Amino acid sequence: MSTRPRILVVEDEPAIADTIVYALSTDGFDVQWVATGSEALAALDKQPCALAILDVGLPDINGFDLFKRVSAQHPGLPAIFLTARSAEIDRVVGLELGADDYVAKPFSPRELVARVRAVLRRLTKPAPRPAATSAAFIIDDERKTIRYRGVALELPRIEYRLLKVLIERPGRVFSRDELMSRAWDDPGASFDRTVDTHIKSLRAKLRAIAPDDDPIQTHRGLGYSLRET
């Protein structure tokens, strides 16, 4: 059994796939290539992987929709989008869905390998022991989960990071720029309104558990904080 990190490459163009597989294999990765979204889902069900590289323009399913299905069935799986669509809106959509990076074609194979290593390096940093940081919240940083009033929250990666930042410093007001720098891998890829959208989503999930509470406080023109209890 190979102990090398396993990378799943989902790309329908054989020439591009061959280039990616060769670059990753020669750099110490165990690579599996599939050409369709259905094959990708079957491959992940059969054997887990350390990271997935997903082409957006697949023949059977949009890469963004595939990522949603993969995230639902395999929460926390890191992913990098690979696509010929370089429009800013496509890049923003991919990152806001929770992907870790986005590479536009044509690309440098060495750069792609470097981005894969950067993502895996971030995700394998030693984590502190689980700790309760608020009367209402419990963070388990090893499992990347947060419980609110005893109920586990279903949080994509960005929302987990945002909420964790607020929980760890109750009462401290974080600007949108600070939150982006702490929660996003590439803060420059997002906008102030992106933070607002994620905060709105977090509030909805917290209200579903405790309708009368609103632990996240808005400071107009400044940012957000977690109410002190």
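The values are calculated or read from the model by the stated rules, or taken from the named source; none is laboratory data. Just so we're clear, the structure is a prediction, and the values are computed from it rather than from any experiment. All Cβ positions, glycine included, derive from the backbone under ideal geometry; neighbour counts span all protein chains shown. Surface areas here come from the heavy atoms of the whole protein model, side chains and all, with no ligands, DNA or RNA. Shrake-Rupley method; radii C 1.70, N 1.55, O 1.52, S 1.80 Å.
Screening Asp27 on (1) open to solvent by less than 30 Å² (accessible area, probe 1.4 Å); (2) in contact with a helix residue (DSSP H, G or I) (Cβ under 6 Å, 6 or more places away or on another chain); (3) closer than 19 Å to Val113 by Cβ shows it passes everything except condition (1).
Within this structure, Thr229 passes the test of being assigned to a loop (DSSP other than H, G, I, E, B), of a type in the set (Val, Ile, Thr) and at pLDDT below 90. For the range 41-52, a residue qualifies if it is assigned to a strand (DSSP E or B) and of a type in the set (Gly, Ala, Ser), and exactly one does: Ala52.
Here's the yes/no breakdown for (1) modelled with pLDDT under 95; (2) in a loop (DSSP other than H, G, I, E, B):
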| site | (1), (2) |
| --- | --- |
| Met1 | yes, yes |
| Tyr22 | no, no |
| Trp33 | no, no |
| Leu54 | yes, no |
| Phe64 | yes, no |
| Lys68 | yes, no |
| Ala72 | yes, no |
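Taking the range 215-226 as the range and being open to solvent by less than 40 Å² (accessible area, probe 1.4 Å), closer than 15 Å to Leu179 by Cβ and either among the aromatic types (Phe, Trp, Tyr) or part of a loop (DSSP other than H, G, I, E, B) (or both) as the test, only Tyr224 passes.
Of the helices (runs of 4 or more DSSP H) entirely within the range 79-194, those holding at least 3 residues that are at pLDDT 70 or above occupy 109-123, 157-168, 176-183. The set of residues in the range 40-63 being within 11 Å of Glu11 (Cβ to Cβ) and charged (D, E, K, R) consists of Asp55 alone.
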